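We did not get these values from a lab; they are worked out from the coordinates using the rules stated. Everything numeric in this text was worked out from a predicted model, so none of it was measured. Here the Cβ positions follow ideal geometry from the backbone for every residue, glycine too, while neighbour counts run over all protein chains shown.
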Amino acid sequence: MIRLRKWSAVILGMIAFYFMKSFKKVSAQHIRPPGALPEDEFLATCMRCGQCAQVCPYNSILIADGTSGLSIGTPYIKARNKPCFLCKDLYCIKTCPSKALSHIEQENIAMGTAKIDIDNCNAWLGDECKMCYLSCPHMDEAIQLIDYKKPIVSSENCVGCGICEYVCVNQTASIVVSAHYST
């Protein structure tokens, strides 16, 4: 009987470890709205009230559903569908009652960093495409051009808004934003 309990505890522990690992992976895929606390603090602080999503003038903020593990009910941005347009008033931050979205200035926004897949980027393959470069709100800082043609991302200047990913003309975006806290 004791042996069975011991094995049951081991199996339950392994299952819990698997799910916690899976939850972290799901959470790590989410790009949080501007001003989000570090992910562990964010998950602990966010009240899951949805007010940030309600006040977003572009409807860029989504609320994580039941498939999101520990992130259920938390706000995130899916850049390919609708990026953060870095609105001047940052309504999402101002409305957050728990301060999971901290008060920051426009110039201190850091949601993630874009990365270009040069093997699939039209400009890197020889076509004339500058959509990500021309659409970037921090043009010539976050996205620069090599030889006036090929885009590169400056990780120091990219805020992770996702506009570049949103405007990419390829079926699967050749430039993708990853959250800063991703592992």
- line: Extension length gain for residue 156 and residue 120 (0.36 nm per residue less Cα distance), in nm, is 10.6 nm
message: Please compute one quarter of the surface area of the Cα convex hull for segment 66-162 and express it in square nanometres.
response: 7.8 nm²
statement: Dividing the mean separation of Cα pairs under 8 Å (6+ apart) by the residue count of segment 110-183 yields a relative contact order in percent of 43 percent
query: What nm distance separates the two modelled labels at residue 145 and residue 178, each placed 7 Å from Cα along Cα→Cβ?
result: 2.7 nm
message: How big is the dipole moment of segment 47-183 about its Cα centre under a simple scheme where the beta carbon of each Lys and Arg is +1, that of each Asp and Glu is -1, and everything else is neutral? Debye, nearest 20, please.
response: 500 debye
- request: Run through all the Cα pairs of segment 110-183 and give the fraction in each 10 Å bin from 0, expressed as whole percent.
  value: 23, 58, 19, 1
task: Give the long-range amide H neighbours of residue 175: residues separated by 5 or more places, or on another chain, with amide H under 5 Å away, using H modelled in the peptide plane at 1.01 Å from N.
output: 117
message: Quick one: 3J(HN,Hα) in Hz for segment 152-167, Karplus 6.51/-1.76/1.60 with θ = phi - 60°, rounded, Gly and Pro as x.
response: 9, 9, 8, 5, 6, 10, 6, 9, x, 5, x, 4, 4, 5, 4, 8
message: Which entries of 88/150; 88/115; 115/149 have Cα-Cα distances beyond 18 Å here?
response: 88/150; 88/115
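Fully extended, how many nm does the chain gain between residue 169 and residue 82 (0.36 nm per residue separation, minus their Cα-Cα distance)?
The residue 169-residue 82 span can extend by a further 29.9 nm.
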- request: In whole Hz, with x marking every Gly and Pro, tabulate ³J(HN,Hα) for segment 62-77 from phi via Karplus 6.51 cos²θ - 1.76 cosθ + 1.60, θ = phi - 60°.
  value: 9, 10, 5, 9, x, 8, 9, x, 5, 7, 3, x, 8, x, 8, 10
- line: Ranked output for segments 93-99, 62-68 by mean other Cβ atoms within 10 Å, highest leading, reads 93-99, 62-68
field: For segment 32-108, alpha-carbon Rg relative to the globular expectation (2.2 N^0.38 Å, N residues)
entry: 1.00
